[in-house]
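Step one of this worksheet: look at the structure below.
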Amino acid sequence: MDFVLYILKVNLSLVILYGFYSLLFRQDTFFKLKRIILLSVFLVSLIYPFIDIASTNGVIREAIETGAIPVYTLPEFIVSESGHTNYAFMPNVPEILLTVYLVGVTLLLCWMFIQLGSICLSIRRTEIIRIFNRKIYKSEGLKTPYSFFKWILIDPDRYSETELKEIILHEETHVRQWHSLDMFFSELICILCWFNPFVWLIKREIRINLEYLADRRVLDSGCEATHYQFHLLRLSYHKAAAQLTNNFNVSPLKKRILMMNKKQTSGVGIVKYILFIPIVGILVLSGNCMQAKAGNTSPDAKNSDSSEMLHSSFNTIDEIERDKKESITKDSVDIYPHVENMPQFPGGQRELMKWLGENIKYPDEAATEGIQGIIVARFVVNSDGSISGIEILRKLHPSLDAEAIRVIKEMPKWEPGTNKDGVAVAVYYALPIRFMLSE
């Protein structure tokens, strides 16, 4: 699957599922269920783009196959009698955006490793002691107690016995329920989708919900609520040690205090959590249907130059035959409108546009007669990369039609397309060519 398409699907899913979470579950006091839902938002978003219902469900597959699935159409190429356009030299905006994305991922990964290194260094400098029969890592001068997986770091000399009990109960909850795993996982997703503001909102919800769980454990143990809340406020001015850790005084404290004092959600409200299942089902189904209907716009990243994808002339597609099935049989050979990994011209679509510009000519006859317009040619890239089956779907003038056929015949071998099993197959392509006089 195209990595760019995958990332877009993941982020779209994150936006949709976060919207449902905010609408249905955000204000509930079912903290354990909310933890499951929040983690499921990440997991479903990562997995659902790989789910192909159409290949496993015959009924849905038949419905998709009988729909209008257009042959994959290359970007429109413009030819003038004075020469071709400088299409091949247009700025590759998607490549620039991809570079920016990868730079962001790299920087955030580096920052995460710096945080991990800082945490490990802090743990190495601690002294192991026991408080209330619990192993604690004493860190002198540490202003903000925190936990990271099995480690609880605290400077016990800064707190009274009651405060120590509250802090250790709180952090022990994080340790026993593996809350650091949630934070680490959400950090990785934020790195992968750093440009999406909703992923940071989900991470914030995960963090605050973990604090709700720990606060509930402290209060259920018998600690006095007012004292505990004032204790939190007293520590609120200290900066958190690291974003990967579970900190005792994590903000926003106002939300935590309000949630502690909030009336418990009615048990009947638990029923609505079942709605998450059909929501996911609708998301997966709609994703499959959109992929089937728009599959021609999502070839494998290595097989296309994204900048050309943005310049595809979709207005010409409406003028060619669209009612093609998923597999078209011709001379006992299956020819596909689109496959998992689309065929690639040597060097990509930018090189294809460059090659066309160097080889296609505006016929003198058509130029003299003032003939201009669009031709749509269709051809087959065979499983060995050769070109065959050239047809003119939209004709314009005999000389122009003949020139389009000639130049397509002379194309060098392509890298063949492959299906999801990695088997090379024949694939249809359509190429719109606009012959345009300078004046």
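Here's the yes/no breakdown for (1) farther than 30 Å from N11 by Cα; (2) surrounded by 18 or more Cβ atoms within 10 Å (Cβ to Cβ); (3) without any contact (Cβ under 8 Å) to a residue 24 or more places away in the chain:
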{"residue": "P156", "(1), (2), (3)": "yes, yes, no"}
{"residue": "Q177", "(1), (2), (3)": "no, no, no"}
{"residue": "D182", "(1), (2), (3)": "no, yes, no"}
{"residue": "R204", "(1), (2), (3)": "no, no, yes"}
{"residue": "A214", "(1), (2), (3)": "no, yes, no"}
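In the range 344-367, the residues that are open to solvent by less than 50 Å² (accessible area, probe 1.4 Å) form Cβ pairs under 8 Å with partners that are β-branched (V, I, T) and assigned to a loop (DSSP other than H, G, I, E, B), at six or more places apart or across chains, as follows: G357/T85.
None of L98, L108, L102 is modelled with pLDDT of 90 or more, open to solvent by less than 80 Å² (accessible area, probe 1.4 Å), hydrophobic (A, V, I, L, M, F, W, C) and out of contact with any strand residue (DSSP E or B) (no Cβ under 6 Å at 6 or more places or on another chain) except L108.
Kindly indicate which of L356, L396, L437 is out of contact with any Leu (no Cβ under 7 Å at 6 or more places or on another chain), of a type outside the set (F, W, Y) and modelled with pLDDT under 85. Of L356, L396, L437, the one residue that is out of contact with any Leu (no Cβ under 7 Å at 6 or more places or on another chain), of a type outside the set (F, W, Y) and modelled with pLDDT under 85 is L437. With respect to the conditions (1) in contact with a helix residue (DSSP H, G or I) (Cβ under 7 Å, 6 or more places away or on another chain); (2) farther than 30 Å from Y18 by Cβ; (3) open to solvent by less than 20 Å² (accessible area, probe 1.4 Å); (4) in contact (Cβ under 8 Å) with a residue 24 or more places away in the chain, I168 lacks only one, and its number is (1). Among the residues of the range 334-386, those identified as hydroxyl-bearing (S, T, Y) and assigned to a loop (DSSP other than H, G, I, E, B) are Y362, S383, S386.
One line per residue, one yes/no per condition, for (1) part of a helix (DSSP H, G or I); (2) of a type in the set (F, W, Y); (3) open to solvent by less than 10 Å² (accessible area, probe 1.4 Å):
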{"site": "V4", "(1), (2), (3)": "yes, no, no"}
{"site": "Y18", "(1), (2), (3)": "yes, yes, no"}
{"site": "Y21", "(1), (2), (3)": "yes, yes, yes"}
{"site": "L38", "(1), (2), (3)": "yes, no, yes"}
{"site": "L43", "(1), (2), (3)": "yes, no, no"}
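If you go through the range 115-127 and pick out every residue that is in contact with a strand residue (DSSP E or B) (Cβ under 6 Å, 6 or more places away or on another chain) and either of a type in the set (S, T, Y) or part of a strand (DSSP E or B) (or both), you end up with 2.
Scan the range 402-420 and tell me whether some residue there is surrounded by 20 or more Cβ atoms within 10 Å (Cβ to Cβ) and of a type in the set (G, A, S). Yes.
The values are calculated or read from the model by the stated rules, or taken from the named source; none is laboratory data. Everything numeric in this text was worked out from a predicted model, so none of it was measured. We place every Cβ from the backbone using ideal geometry, glycine too, and count neighbours over all the protein chains shown. Note: accessible area is taken over every heavy atom of the protein model, side chains too, but ligands, DNA and RNA are not part of it. Shrake-Rupley method; radii C 1.70, N 1.55, O 1.52, S 1.80 Å.
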